[in-house]
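Right, one structure below, let's go through it.
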Amino acid sequence: MDRIEFDTRPAMIADPASGLTDLNRRHFMVTSLAAGFAVAAVTPAVAQAIRTSDEGLVAGEVKIPVADGSIPAYRAHPAAGGPFPTVLVIQEIFGVHEHIKDVCRRLAKLGYYAIAPEMYARQGDVSKLESIKDILTQVVSKVPDEQVNSDLDAAVAYAKASGKADTKRLGVTGFCWGGRAVWLYAAHNPAVKAGVSWYGLLGAPPWNPKGTSAISVGKKVKVPVLGLYASKDGFIPNADVEAMKTQIGRSKSQIVVYQDVDHGFNADYRPTYNASAAYDGWQRMQAWFKANGVG
């Protein structure tokens, strides 16, 4: 495998009080969500992708106010009733593309207010990049964890202000890149009732070897997090999964490992999709949320 070089130089601080890097109104690279699937995510399997109707829902793009401007997000909730239990949906490495939007609609069909903020808005539009290598080097390596947590906080505030979200019943779920963010956000925000991490990176992030690993925050996470992992995951060593099991110990968090399954097993638009594991994980997520006060 070719060595990937990352630019990890610190960016300018625009708002010292926020502690966020590279925050300047002129630096917002993404002002609206891309349609369809990210170029790097498109495979022959995309034709099989699940498409959930928005009938009976309020669903679409919104703008979330943040300290330095606004970021786009996708939100979905039932058209009638409310306020609804709230679920933050954290994107894959490919940003908020069609699969993540569909996950929001699926949750809304279950009676949730689901919102997925675009976490790369300041650093770049990954929808047009053609390889994971380009996404990692040009965008992901420049996204600080503090920014991610702050933008997720802003998404919660936006949801609460809408009057349609009950943020006292707050859950968070994320996939791949977002699966790692679930562990970190659960450690950051004690108001979260429950989290579900789908094949989230556990070791030090390759784009920042000195960065925070999910394993390192395992003991600090008081929020019950359900980790859904795959035994044949080429990105997450089984040793890391075992190390995380040790870290969470006898806490309320749990890890489930699907045997003979690969990374991205819930991504129905990719060849790694595994319908059985995806269905089981979806059922476990619903049960986890309900058992822990989200729903």
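The values are calculated or read from the model by the stated rules, or taken from the named source; none is laboratory data. Here the structure is a predicted model, which means the values were calculated and not measured. Here Cβ is always computed from backbone atoms with ideal geometry, including for glycine, and neighbour counts include all displayed protein chains. Accessible surface is based on the protein model in full, side chains and every heavy atom, while ligands, DNA and RNA are left aside. Shrake-Rupley method; radii C 1.70, N 1.55, O 1.52, S 1.80 Å.
Mind checking whether some residue in region 207-225 is small (Gly, Ala, Ser), exposed (fewer than 15 other Cβ atoms within 10 Å of the Cβ) and part of a helix (DSSP H, G or I)?
First pass over region 207-225, keeping only residues small (Gly, Ala, Ser): 211, 213-214, 216, 218.
Next, only the ones that are exposed (fewer than 15 other Cβ atoms within 10 Å of the Cβ) stay: none.
Looking through region 207-225, none of the residues is small (Gly, Ala, Ser), exposed (fewer than 15 other Cβ atoms within 10 Å of the Cβ) and part of a helix (DSSP H, G or I).
Hey, any hits in region 150-173 for a residue that's buried (at least 19 other Cβ atoms within 10 Å of the Cβ) and farther than 26 Å from residue 82 by Cα? No, the conditions are met nowhere in region 150-173.
Yes or no: residue 230 at pLDDT 95 or above, open to solvent by less than 10 Å² (accessible area, probe 1.4 Å), touching a strand residue (DSSP E or B) at 6+ places or on another chain (Cβ under 6 Å) and small (Gly, Ala, Ser)? Criteria met by residue 230. Do the conditions hold for residue 110, that is, is it within 21 Å of residue 212 (Cβ to Cβ) and open to solvent by 10 Å² or more (accessible area, probe 1.4 Å)? Against the criterion (within 21 Å of residue 212 (Cβ to Cβ) and open to solvent by 10 Å² or more (accessible area, probe 1.4 Å)), residue 110 does not qualify.
Output the residue which, of all residues in region 258-272 that are open to solvent by 40 Å² or more (accessible area, probe 1.4 Å) and under 19 Å from the mean Cα position of the chain (by Cα), is nearest to residue 235 (Cα to Cα). Break it down into steps so the answer makes sense when it comes.
Step one: list which residues in region 258-272 are open to solvent by 40 Å² or more (accessible area, probe 1.4 Å), which gives 259-260, 262, 270-272.
Those still in the list that are under 19 Å from the mean Cα position of the chain (by Cα) too: 262, 270, 272.
On the way: 262: 9, 270: 16, 272: 13 Å.
By that ranking, first place goes to 262.
When region 23-54 is filtered for residues that are more than 22 Å from residue 166 (Cα to Cα), open to solvent by 50 Å² or more (accessible area, probe 1.4 Å) and of a type outside the set (Gly, Ala, Ser), the ones remaining, listed by number, are 25, 26, 27, 29, 31, 37, 39, 42, 44, 48, 50, 51.
The single condition among (1) open to solvent by 30 Å² or more (accessible area, probe 1.4 Å); (2) at negative phi; (3) in contact (Cβ under 8 Å) with a residue 24 or more places away in the chain that residue 242 does not meet is (3). Search region 118-143 for residues being in contact with a Leu (Cβ under 7 Å, 6 or more places away or on another chain) and over 13 Å from residue 28 (Cβ atoms), and hand back the single one that is most open to solvent (accessible area, probe 1.4 Å). Looking at residues that are in contact with a Leu (Cβ under 7 Å, 6 or more places away or on another chain) and over 13 Å from residue 28 (Cβ atoms), I get 138.
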